Amino acid sequence: MEEEPKDNFDWKLLQFFVKIIRTIFIGLILMMIDIFMGMYLGFGIPEESTPTRLTLFYIWFGLSMGAYIYFLWRLWRKKMPAP
């Protein structure tokens, strides 16, 4: 009988790298959206924006950062077992 090759691939390590990539990707996408709205469209610049748009932009910015921090907490809260 032939022996079956063992699966030497560490799936837990792959899951760890997926967490890292998700953290970076979601963070970069969120920063690009906030920078586009704040600087390119002028919502976050007091000289170019009305007080209402400025207020709504900073409320959006605070809520989106809060949601991102909550996402990170949910993603990274489970500890990995030591190797």
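The values are calculated or read from the model by the stated rules, or taken from the named source; none is laboratory data. All values reported here derive from a predicted model rather than from experimental measurement. Cβ placement follows ideal geometry from the backbone for every residue including glycine, while neighbour counts extend to all protein chains displayed. Just the protein is used for accessible areas: all its heavy atoms, side chains included, with ligands, DNA and RNA removed. Shrake-Rupley method; radii C 1.70, N 1.55, O 1.52, S 1.80 Å.
A few points about this structure:
- Given R0 = 41 Å, the distance between the Cβ atoms of residue 75 and residue 47 translates into a calculated FRET efficiency of 0.60.
- Global form of the chain, assessed from the alpha-carbon gyration tensor, a/c cut-off 1.5: prolate
- Where 29, 21 fall by accessible area, highest first, once all protein chains stay in place (1.4 Å): 21, 29
- At a probe radius of 1.4 angstrom, the accessible area of the chain per residue rounds to 90 square angstrom.
- Pairwise FRET efficiency - residue 58 versus residue 82, Cβ, R0 = 25 Å, nearest 0.05: 0.05
- Estimated inter-spin distance, residue 28 and residue 67, nm [label 7 Å along Cα→Cβ]: 2.1
- Point-charge dipole on Cβ atoms (K/R +1, D/E -1) for the chain, about Cα centre, debye to 20: 440
- Carbon and sulfur %, accessible surface of the chain computed with the full protein complex present, 1.4 Å: 71
- In nm, spacing of pseudo-spin labels at residue 11 and residue 36 (7 Å Cα→C-beta vector): 3.6
- Fluctuation leader among 30, 14, 54 - the chain, Gaussian network, Cα springs under 10 angstrom: 14
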